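This report refers to the structure that appears directly beneath it.
The values are calculated or read from the model by the stated rules, or taken from the named source; none is laboratory data. Since we're looking at a predicted model, the values are computed, not measured. Note that each Cβ is placed from the backbone with ideal geometry, even for glycine, and that neighbours are counted across all protein chains shown.
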Amino acid sequence: MERPQPDSMPQDLSEALKEATKEVHTQAENAEFMRNFQKGQVTREGFKLVMASLYHIYKALEEEIERNKENPVYAPLYFPEELHRRAALEQDLTFWYGPRWQETIPYAQATRHYVQRLQEVGRRQPELLVAHAYTRYLGDLSGGQVLKKIAQKALDLPSSGEGLAFFTFPNIDSATKFKQLYRSRMNSLEMTPEVKGRIIEEAKTAFLLNIQLFEELQELLPRNAKDQSPSQPGLRRRAGSGTQGLTPTETPRGKPSVFSQAPLIRWVLTLSFLVATVAMGFTPC
């Protein structure tokens, strides 16, 4: 994608990100997986795949955030009590996969690519974490409650919220007010026009990583997927002490990479994500 010229970008980073990601946001909303989800056409197996992928992604993101929590390029956006999702996802995965979930959850290849990018950014270009946090967390806050209701109804889940902790932010009283605070903090970050441009490009990359992820998850679902009970495992895996021992699912043979056809693809979500206007909570409003 062509990098926007500094003079053409809105002054506020939050507005610049919103404007620059409109096109890829639309592509995300048109992903088959997310279109089906928003229609309530989601199986337990499909939902479990999403939750497993989200766990790997948020684990990596939040490890890199912790690594950079005192770095001035990210520190103003450090809200672990309000935003971090890893603990909630661990609770959900216990519900969906059972107490030994770390030994059984799948690790799709597209998820692995996403995780590798987060680790690279956190260790080499921590200022770009701003783009990933914006894409994920504001998306979770924007579309999460809608997606939670869809999942509860489609999967016949208890109203108590079991299996859906990811979508609940108990330490945020008003999502609207918190998003205003978060955007204000983003806009207060000191950066050169060059850094601002790189953050915007990284936000587009974050959307493309989500597109790649959900295209792969759609391919992994059987054509006539049958619901499975929460304790049943999903993809092919190898027993071990944790996620590092899992066997990654191979990308469907012959399927071109999403990055090689970025101008042509349409897609994703939003758990924000998995989540956007209503895209699995992935897309910030």
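Summary table below
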| read-out | value |
| --- | --- |
| Residue ID - surrounded by the fewest Cβ atoms within 10 Å (Cβ to Cβ), chosen from residues in segment 122-143 that are of a type in the set (S, T, N, Q) and under 13 Å from the mean Cα position of the chain (by Cα) | Ser142 |
| Filter pass, Ile105 being within 17 Å of Phe47 (Cβ to Cβ), modelled with pLDDT of 95 or more and either crowded, with 16+ Cβ neighbours inside 10 Å or in contact with a helix residue (DSSP H, G or I) (Cβ under 7 Å, 6 or more places away or on another chain) (or both) | yes |
| Elements of type helices (runs of 4 or more DSSP H) in segment 75-179, at least 3 residues being touching a Gly at 6+ places or on another chain (Cβ under 9 Å) | 86-97, 101-104, 139-154 |
| Segment 39-72 - residue that is of a type in the set (D, E, K, R) and farther than 30 Å from Glu190 by Cα and, of those, surrounded by the most Cβ atoms within 10 Å (Cβ to Cβ) | Lys48 |
| Members of segment 34-54 found to be assigned to a helix (DSSP H, G or I), out of contact with any Pro (no Cβ under 6 Å at 6 or more places or on another chain) and not polar (S, T, N, Q), listed by number | Met34, Arg35, Phe37, Arg44, Glu45, Gly46, Phe47, Lys48, Leu49, Val50, Met51, Leu54 |
| Unmet criterion (only one of (1) more than 30 Å from Thr192 (Cβ to Cβ); (2) out of contact with any helix residue (DSSP H, G or I) (no Cβ under 9 Å at 6 or more places or on another chain)) for Gln38 | (2) |
| Glu19, sole failed condition from (1) at pLDDT below 95; (2) assigned to a helix (DSSP H, G or I); (3) touching a helix residue (DSSP H, G or I) at 6+ places or on another chain (Cβ under 6 Å); (4) not hydroxyl-bearing (Ser, Thr, Tyr) | (3) |
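Residue by residue, here is whether (1) outside any helix (DSSP H, G or I); (2) buried (at least 19 other Cβ atoms within 10 Å of the Cβ) holds:
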| site | (1), (2) |
| --- | --- |
| Gly197 | no, no |
| Glu201 | no, no |
| Leu209 | no, yes |
| Leu213 | no, yes |
| Gln218 | no, no |
| Pro222 | yes, no |
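Conditions tested, residue by residue: (1) of a type in the set (Asp, Glu); (2) surrounded by fewer than 18 Cβ atoms within 10 Å (Cβ to Cβ).
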residue	(1), (2)
Val115	no, no
Glu120	yes, yes
Gln145	no, yes
Gly161	no, yes
Lys177	no, yes
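Per-residue answers, yes or no, for (1) closer than 20 Å to Trp96 by Cβ; (2) modelled with pLDDT of 95 or more; (3) more than 17 Å from the chain's Cα centre (by Cα):
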{"site": "Gly161", "(1), (2), (3)": "yes, no, yes"}
{"site": "Gln180", "(1), (2), (3)": "no, yes, yes"}
{"site": "Asn187", "(1), (2), (3)": "no, yes, yes"}
{"site": "Thr205", "(1), (2), (3)": "no, yes, no"}
{"site": "Phe214", "(1), (2), (3)": "yes, no, no"}
